[in-house]
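Reading through the C-alpha cells given below for one structure.
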Amino acid sequence: MNPTIYDVSRLSGVSTATVSRAFSDPSRVREDTRRRVLEAAELLHYSPNAIARAMARQRTDKIAFLICKKDATILDEFYAGICEGIMQETNRSDYQLVISTAADWRLASDTAQRKQIEGVILGGNAPADLVSEFQTQHIAVVLVNNRIPGHELPCILSDETDGVRQVLAHLVARGHRKIAMLAGRFSPYISSERYHAFLQIAQELNIPLHAQSIKMCDPEIESATRAALELLGQPDRPTAIFAANDVIAAGTLKAAARLGLRVPHDLAVVGYDDSAICPLLEPALTSVHSKVRSMGRLSVERMTALLAGEPVTELSTVLPPKLMVRGTT
C-alpha cells in the first residue's frame, strides 16, 4: 500500500494540516518541523508530488504568465494562443503555471511571494516598473511580443518588419501603388514596429506616400471606421489600406461598405494578427499570421534556461510570420 499523508503525520508527530503546509507553504512552518516532515516522507517513500520535489530541491517550479494589455482578459485571442503554447510546454514539464492579467496580479498584494513564483512570462505591454518589481524580488522575467528599452531581458518576438514587407509586396504585386495605413493606438512596441516598417518598406518598394497616407485610430471598430472614411474621402483616395490589426481592418471594411466600394475590386484591405474573425468576414480578410503558440513554447524554454542558470547567448528570438491571402485582396 502506498504511504499517505496520514502516515507522514503519524511518523513526524504533527497534524496532517502541518504536513500539507510543509509542502505547499513552507514559510509558514518552523524549520525543525519542516525537516521532520521531509525526513518522515523520505523514510516512508511518500510519493513525491510536484510540491514535495520542489521542497527537496529548494525550488517551487511555479511560473506565471501575465497578459499586459489594457482591459485584457485571459480570453484575449492573441494572448490565448500564446498561453496555449505555454501550457503545452509546461504540461510536458514539472512546472506549475499561474495565469492572470497584469492588472489583476497587481491588485493582490505580495502575490509573487505569496504564490512563490520563480519566474514570470510577461505578454504584451509590460510596464517597466512591474519588470523592475519582479527583478527586485529575484524573479526571472521573459518578455513575449514586447521589448523594453533599458531592460536586457530575453524576448520572444514575431518579425513585424517581415510581416509588413509581405503585406506591401503582395499589394504591389496586385498592382496597387496608392497604399495607405491605418495605424492603431495599442501596444507602443507593436504600434511603433509596424508604423516604422510601413515607412521603411514603402520607401524600398518606391510606394509614394504623402501626409494623408497614414492615419491613427483606436483599435476599435467605430474609431477605425471613422479613420477609414477620412482616408477614403480624399480626392485621390487609396486603392489599398493596410490596417495595423484585424479589428481596424474590420472597421475599414465597414467604411468601404458605407461608401459603396467593392472589396477587393475598388479597395484592397489587409489586417494583422490573423484572428478568428478573418474567415468570417465577407469577403474573408487577408491578414498576417504570427506563430503565437510557438512564441509561447519558446518563452517557457527561455524561462527554463534562466532558472537553470544557463547563460543567455541571444536575448531576442524572432519568429517569421506568414501572410494569409484571402478575399479582401
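Here is a yes/no grid of residues against (1) more than 20 Å from Leu323 (Cβ to Cβ); (2) modelled with pLDDT under 95; (3) touching a helix residue (DSSP H, G or I) at 6+ places or on another chain (Cβ under 6 Å):
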position	(1), (2), (3)
Glu193	no, no, yes
Leu199	no, no, no
Asp236	yes, yes, no
Thr239	no, no, no
Ala257	yes, no, no
Val263	no, no, yes
Val288	no, no, yes
Arg293	no, no, yes
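Can you find a residue in region 310-323 that is more than 19 Å from the chain's Cα centre (by Cα), within 24 Å of Val142 (Cβ to Cβ) and of a type in the set (Val, Ile, Thr)? Scanning region 310-323 turns up at least one residue that is more than 19 Å from the chain's Cα centre (by Cα), within 24 Å of Val142 (Cβ to Cβ) and of a type in the set (Val, Ile, Thr). Looking at Thr161, Thr239, which one is free of Cβ contacts under 8 Å to residues at least 60 places away in the same chain and hydroxyl-bearing (Ser, Thr, Tyr)? Going through Thr161, Thr239 in turn, just one is free of Cβ contacts under 8 Å to residues at least 60 places away in the same chain and hydroxyl-bearing (Ser, Thr, Tyr): Thr161. Residue pairs whose Cβ atoms lie under 6 Å apart, separated by 6 or more positions or on different chains, with the first residue in region 106-121 and under 14 Å from Asp61 (Cβ atoms) and among the hydrophobic types (A, V, I, L, M, F, W, C) and the second open to solvent by 40 Å² or more (accessible area, probe 1.4 Å) and modelled with pLDDT of 55 or more, are Ile117/Lys62. Among residues of region 122-144 that are buried (at least 24 other Cβ atoms within 10 Å of the Cβ), those with a beta-carbon under 8 Å from a residue that is among the small types (Gly, Ala, Ser) and part of a loop (DSSP other than H, G, I, E, B) at least six positions away or on a different chain give the pairs Gly124/Ala72; Gly124/Ser187; Leu143/Ala126.
Within the span defined as region 184-194, one or more residues are in contact (Cβ under 8 Å) with a residue 40 or more places away in the chain, more than 21 Å from Val318 (Cα to Cα), open to solvent by less than 10 Å² (accessible area, probe 1.4 Å) and touching a Ser or Thr at 6+ places or on another chain (Cβ under 9 Å). Total residues in region 23-55 satisfying the condition of being touching a helix residue (DSSP H, G or I) at 6+ places or on another chain (Cβ under 7 Å), modelled with pLDDT under 80 and among the hydrophobic types (A, V, I, L, M, F, W, C): the figure is 4. For region 278-309, a residue qualifies if it is touching a strand residue (DSSP E or B) at 6+ places or on another chain (Cβ under 9 Å), open to solvent by 30 Å² or more (accessible area, probe 1.4 Å) and within 25 Å of Ala197 (Cα to Cα), and the qualifying residues are His289, Lys291, Ser294, Leu298.
The values are calculated or read from the model by the stated rules, or taken from the named source; none is laboratory data. Given the structure is predicted, the values throughout are model-derived calculations rather than measurements. So basically every Cβ, Gly included, is an ideal-geometry build from the backbone, and we count neighbours across all protein chains shown. Note: areas computed on protein heavy atoms with side chains; ligands, DNA, RNA excluded. Shrake-Rupley method; radii C 1.70, N 1.55, O 1.52, S 1.80 Å.
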